[in-house]
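Nothing in this text is a laboratory measurement; each read-out follows from the coordinates by a stated rule. What you see is a predicted model; the values in this text were computed from it and never measured. Please note: Cβ atoms are built from the backbone with ideal geometry, for glycine as well, and neighbour counts cover all protein chains shown.
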Amino acid sequence: MTAQHNTRATWSGRSMFLFAAIGSAIGLGNIWRFPYIAYENGGGAFLLPYVVALLTAGVPVLILDYVLGHRFRGSAPLVWRRVSKHTEMVGWVQTIITYIIAIYYAVILAWSASYTWFSVKLAWGDDPESFFLKNYLHADTTSLTSGDVIWSIAILLAAVWVGIIAVMALGVRKGTGMLSRVFVPVLIVLFLTLVIRALFLEGSSVGLDAFFTPQWSALAHPQVWMAAYGQIFYSLAIAFGIMMTQASYLKRRSDLSGLGAVVGLSNSAFEVLAGIGVFATLGFMAQASQTSVNDVASAGIGLAFIAFPTIINQMPGGPIFGILFFGSLFIAGFTSLVTIVEVVVSSFQDKFGMKRRTAAIVVGIACAVPSLALFPVATGLATLDIVDKFVNVLGIVAIAVISIVTISWGLGRLPELRGHVNAVSSLHLGTWWDLSLKVLTPVILGVTFILEIKNLITDGYEGYPNNKLLVFGWGMGIVLYGGAFVLSRLKWPSTTIVDGPPAGDFGVPMTGRGAPFGRHLDNPQITPRELGIDLAKERS
Amino acid sequence: MSTAAVIMMIIDLSLVWGLLAIATKHLASTDDSHTGTLGSKDLDDMPLYQPESRQAS
């Protein structure tokens, strides 16, 4: 048997990869989660545990994602199948997580698009909370499902999915790559404008004072350190297939650790900027309503769709500020959603031998149908909140622990992967990388997972009825692991190499347990040039 | 703003943006085709798989 040349698409260069990776990492969480987490956990002093978490867990796990994608060159399920014949299911769990996140994430983009338009005439009126929950969402938090369709949201949501399918169908370079190249700089310019405007608002210094005043005593609390690790983890979008898939499109000679450092730090740099913008604005609101920043500080959907419209009502030039804020939110979300859906499209392409365009349409429709059925309805907000908690918080932490423990303790592959990173990278990894992945990260994430589960079992979640939590919360566990089990039983196309890195081992032999390498070759010691493989395309 | 808040803001921004600037400058100064322990070796002239890779199963 001879080798089948892997013709996987590649980014046109470093910059395209960087824009896509940064676009993926910078999402809604950077804007609406980080500022509040930092404020609640020590203010200015929070940056110490935050940077420690970034360097000891964030960047190491990011590089793990990169090396898995780069060495095994495939979608998440294919990468894990090539790592070992027993681990394909891990990749499918990651793919299904991204599928579920995509389904509800899109509706937040539809809301953001609506609110960008609402900003022009301040359509939410004097009571933005009532407008958002009653007039706009018709929110019903008790029923299991609803047939009360909100057509204005449904139409925008459908448009978001058409846009996503179009980008996906254009492929890695012309679709995701070009989109990120345009949208990421636009996002940065928009957000910088917003931050500068916020700094000149009356009372902005009050907000910044609250945000940056260090509470050093907070550093003695373990939960502050866990919050820092949690924030780094969620915000970098690591360990659930996104970064792995993106790295699978890198050229064979790519500086993995150098790219990882830039992407990780870009994400954090944007978060700190978001903290300044958000708290300068909250300071204005606190001063205008003659209350404290603590009374107006919030996070997530409440911050974006209730607190910000309230502030926009009171500030001079509010409509322009609203367009900047919700426009930024939409762009940050869209660039992230593209890379989330890419994980699923890539998995379908690999597993079912689909062409790019076919996979984009099939996956796009498979996402759009449940998205349109479940979220632009009266129960959409509650369903979104529950699914987000169970999949985006619990599900990701669980699969992160499983995947890291599998690769480090189960298969003992870290020395081999470190060797691969060092073979192609400018920043060399030492054994500290192994230590971070074998001990530090699993312990912190494991404790986080146990505490989250304990809280959910004892306290429920946000007062939602049990049947709703059972279906859209705990039931997601069955969807994730049951679905992954079924999909991992299906056969790969006969031409797919499944027994190790498909394009050679980069001079780094396998040192742990897993699939034998090169079984698809008669003579594994042969060079690509002797084999007549044309790899020029990958280097172009 | 209090002095402590101003100092922390400067430290926080300098730390994160400074590290980003250093990482970006470093990446810009490297050439993918020559970095790492592979140096300037051409992957096309190297064996696809090392002998140990086959033995390790």
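Using a simple charge model, +1 on the beta-carbon of Lys and Arg, -1 on the beta-carbon of Asp and Glu, nothing else, what dipole does segment A:296-431 show about its Cα centre, in debye to the nearest 20?
With only Lys, Arg, Asp and Glu charged at Cβ, the dipole is about 340 debye.
State, to one decimal in nm, how far the label point of B:ASP42 lies from the label point of A:LEU440, with both points 7 Å from Cα in the Cβ direction.
Result: 4.1 nm between the two label points.
Among A:PHE19, A:VAL59, A:GLY74, flag the residue with its Cα farthest along the positive direction of the charge dipole of chain A, charges on Cβ as +1 for Lys/Arg and -1 for Asp/Glu.
Going by the charge dipole, the pick is A:GLY74.
What whole-number distance in Å separates the alpha-carbon centres of segment A:335-392 and segment A:94-117?
9
Only four residue types carry charge here, +1 at the Cβ of Lys and Arg and -1 at the Cβ of Asp and Glu. Report the dipole size of the protein assembly as shown about the Cα centre in Debye, rounded to the nearest 20.
1720
Could you please state, rounded to a whole Å, how far the C-alpha centre of segment A:140-174 is from the C-alpha centre of segment A:424-471?
Taking the Cα centre of each part, segment A:140-174 and segment A:424-471 sit 29 Å apart.
Separation between the A:ARG529 and B:ALA28 pseudo-spin-labels, each 7 Å from Cα along Cα→Cβ, expressed in nm?
A separation of 3.4 nm, rounded to one decimal place.
Under 18 Å from a point 7 Å along the Cα-to-Cβ line of A:ALA366: which residues of segment A:482-501 have their amide N that close?
Those under the cut-off are A:482-494.
Take A:ARG418, A:ARG252 and order them by how many other Cβ atoms sit within 10 Å, fewest up front.
Ordered by Cβ neighbours within 10 Å, fewest first: A:ARG252, A:ARG418.
Distance between Cα centroids, segment A:31-89 to segment A:228-300: provide it in whole Å.
12
Would you order A:ARG513, A:ARG71 from fewest to most other beta-carbon atoms within 10 Å of each residue's own beta-carbon?
If I rank by nearby Cβ atoms, fewest first, I get A:ARG513, A:ARG71.
So which of A:LYS174/A:LYS355; A:LYS251/B:LYS25; A:LYS389/A:LYS438; A:LYS251/B:LYS41; A:LYS351/A:LYS491 end up more than 18 Å apart by C-alpha?
Over 18 Å apart, Cα to Cα: A:LYS251/B:LYS25; A:LYS389/A:LYS438.
Please turn the phi angles of segment A:208-223 into ³J(HN,Hα) values with the Karplus equation 6.51 cos²θ - 1.76 cosθ + 1.60 (θ = phi - 60°), one per residue in order, whole Hz, x for glycine and proline.
Per residue, the Karplus-derived 3J(HN,Hα) values read 5, 4, 5, 6, 9, 4, x, 10, 5, 5, 4, 5, 7, 8, x, 5 Hz.
Considering the options A:GLY353, A:VAL397, A:THR339, tell which one lies farthest towards the positive end of the dipole of segment A:317-444, charges being +1 on Lys and Arg and -1 on Asp and Glu at the Cβ, about the Cα centre.
Sorting the options by dipole projection puts first A:GLY353.
I need to check one value: relative contact order of chain A, counting alpha carbon pairs closer than 8 Å and at least 6 residues apart, in percent.
Computed over chain A, the figure is 33 percent.
Express in nm, to one decimal, how much length is gained between A:TYR461 and A:ALA166 on full extension, taking 0.36 nm for each residue of separation and deducting their alpha carbon distance.
Extra length from A:TYR461 to A:ALA166 when fully extended: 102.5 nm.
Given B:ALA23, B:ILE10, B:LEU38, which one lies farthest toward the positive end of the charge dipole of chain B, if we put +1 on the Cβ of every Lys and Arg and -1 on the Cβ of every Asp and Glu?
The Cα lying farthest towards the positive end belongs to B:ILE10.
Nothing charged except the Cβ atoms of Lys and Arg (+1) and of Asp and Glu (-1): what's the magnitude of the dipole of segment A:354-509 about its Cα centre? Round to the nearest 20 debye.
Result for segment A:354-509 is approximately 460 debye, rounded to the nearest 20.
Would you calculate a helix-derived [θ] at 222 nm for chain A, using -39,500 (n - 2.57) for each DSSP H run of n ≥ 4 and dividing by the full residue count, to the nearest 500?
-19500 deg cm²/dmol
Given R₀ = 51 Å, what would the calculated FRET efficiency be for A:SER152 paired with B:TRP17, taking r from the Cβ atoms and rounding to 0.05?
Between A:SER152 and B:TRP17 the formula returns 0.80.
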